[in-house]
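J.: Here it is: the structure, laid out below.
Values in this text are rule-based calculations from the coordinates and carry no lab data. On a predicted model such as this, the values are computed, not experimentally measured, just so you know. When we count neighbours, we look across all protein chains shown, and the Cβ atoms used for this are built from the backbone with ideal geometry, even at glycine.
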Amino acid sequence: MAMIPNRFYGLFERLFFQRSLFFFLITGALTAGVYFSIFAIMWNLLHINYKISLTAAYWGGLCFHFFMNRHVTFRSYCNIGRQVTKYLIMSFVNYVIALVVTVMVVNSLHFSPYVGVILSVCITVMSGYLMSRFWVFRHVE
């Protein structure tokens, strides 16, 4: 009975090739929940401009995302100041991508900002993982 969780984890490890990618995706899903909740509250309930709502939602999820990736996904406890600096640079790059994609979807395609937000998340997941794994949380010996 105790072997089932290990087999389950082993299956996912093989499917995703890396433990870090699996936990990055789980962390991302949890962060997306925080992100979409903040956006929905600000845009739907408080009627704040979608650009401001997107900005608050994006940055609001960063603390959770950084903590989870540092402690769970990559288990990287080296120089936190350097990691925070790199993480903020990475986050700013992904923020610009998210804002440009959302504005283009709203202004050019005339879709809901939700469509733009969802599309921008899909685009920034891979760039975020690669920058996190190989730059932000890279283990330096």
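J.: Could you point to the residue in GLN18, LEU109, TRP59 farthest towards the positive end of the chain's charge dipole, with +1 and -1 charges on the Cβ of Lys/Arg and Asp/Glu respectively?
T.: GLN18
J.: A further question follows. Please turn the phi angles of the stretch 43-57 into ³J(HN,Hα) values with the Karplus equation 6.51 cos²θ - 1.76 cosθ + 1.60 (θ = phi - 60°), one per residue in order, whole Hz, x for glycine and proline.
T.: Karplus-based 3J(HN,Hα) across the stretch 43-57 equals 7, 7, 7, 9, 6, 8, 2, 4, 5, 5, 4, 4, 4, 5, 5 Hz.
J.: What is the helix-to-structure angle for 113-131, meaning the angle in degrees between its Cα long axis and the longest Cα principal axis of the chain, kept from 0 to 90 and rounded to the nearest 10?
T.: Computed tilt is about 30 degrees.
J.: Given the Cα-Cα distance of SER108 and CYS78 and 0.36 nm per residue of separation, how much length would full extension add, in nm?
T.: My answer for the length gained is 6.4 nm.
J.: Further question on the same structure: Arrange the following residues from fewest to most other Cβ atoms within 10 Å of their Cβ: MET90, MET126. Don't skip to the end; give the middle numbers.
T.: Working: MET90 19, MET126 9.
With the fewest neighbours first, MET90, MET126 line up as MET126, MET90.
J.: Next question, about the same structure. So, how do all the Cα-to-Cα distances of the stretch 21-136 break down into 10 Å bins, in percent, from 0 on up?
T.: Percent of pairs per bin, in order: 14, 47, 29, 9, 1.
J.: Working out 0.36 nm times the residue gap between LEU130 and LYS51, then minus their Cα-Cα distance, what length gain in nm do you get to one decimal? Please report the intermediate quantities before stating the final value.
T.: On the way: separation 79, 0.36 × 79 = 28.44 nm, distance 2.63 nm.
Contour length minus the Cα-Cα distance gives 25.8 nm.
J.: Sticking with this one: ARG19 to VAL115: FRET efficiency via 1/(1 + (r/R0)^6), r the Cβ-Cβ distance, R0 25 Å, to the nearest 0.05? Working shown, then result.
T.: Details: r = 32 Å, r/R0 = 1.30.
For ARG19 and VAL115, the calculated efficiency is 0.15.
J.: Please report the net charge: other residues with Cβ closer than 11 Å to the Cβ of ASN69, K and R +1, D and E -1. Walk me through the numbers before you get to the answer.
T.: On the way: positive: ARG70, ARG75, ARG133; negative: none.
Result for the local shell: +3.
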